[in-house]
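Heads up: the structure comes next, in structure tokens.
The values are calculated or read from the model by the stated rules, or taken from the named source; none is laboratory data. The structure presented is a predicted model; accordingly, all values stated were derived computationally and were not measured. Note: ideal-geometry Cβ built from the backbone for every residue, glycine included; neighbour counts use all protein chains shown.
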């Protein structure tokens, strides 16, 4: 069953996620405040971070970094880090 949220990233009311996408308190916060569209934007950004920084998400240090970036991206207006010199694909 879908629900509407006031999206923290987009600033509009939009369709919310179907399930809590991440464990713990932050996962519940995302479920309640992030739209499907914003979550997809985060997943694309996260993929870029993993590839550019050659992260292994199984490592605790990489998970911590990604969680911090997720918090910044979703709740601080897209203020997540981009690798220095990163040029998006055409």
Note to self: One residue is enough: does the stretch 6-26 have a residue meeting the conditions touching a helix residue (DSSP H, G or I) at 6+ places or on another chain (Cβ under 8 Å) and part of a helix (DSSP H, G or I)?
What the structure shows: yes
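Take residue 41 and tell me if it is assigned to a helix (DSSP H, G or I) and in contact (Cβ under 8 Å) with a residue 12 or more places away in the chain.
Numbers: assigned to a helix (DSSP H, G or I): yes; in contact (Cβ under 8 Å) with a residue 12 or more places away in the chain: yes.
The answer is yes for residue 41.
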Next item on the list: Answer yes if at least one residue in the stretch 70-81 is in contact with a helix residue (DSSP H, G or I) (Cβ under 7 Å, 6 or more places away or on another chain), surrounded by 14 or more Cβ atoms within 10 Å (Cβ to Cβ) and in a loop (DSSP other than H, G, I, E, B), and no otherwise.
Entry: yes
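What about residue 59, is it touching a helix residue (DSSP H, G or I) at 6+ places or on another chain (Cβ under 8 Å) and modelled with pLDDT of 90 or more?
Values: touching a helix residue (DSSP H, G or I) at 6+ places or on another chain (Cβ under 8 Å): no; modelled with pLDDT of 90 or more: yes.
The answer is no for residue 59.
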Next item on the list: Those residues that are surrounded by fewer than 17 Cβ atoms within 10 Å (Cβ to Cβ) and over 8 Å from the mean Cα position of the chain (by Cα), I need them from the stretch 34-47; list them, please.
Entry: 36, 37, 44, 47
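If only one of 58, 30, 50 is surrounded by fewer than 16 Cβ atoms within 10 Å (Cβ to Cβ) and either within 15 Å of the chain's Cα centre (by Cα) or touching a residue at least 12 places away in the same chain (Cβ under 8 Å) (or both), which one is it?
On the way: 58 fails: either within 15 Å of the chain's Cα centre (by Cα) or touching a residue at least 12 places away in the same chain (Cβ under 8 Å) (or both); 30 fails: surrounded by fewer than 16 Cβ atoms within 10 Å (Cβ to Cβ).
Answer to the selection: 50.
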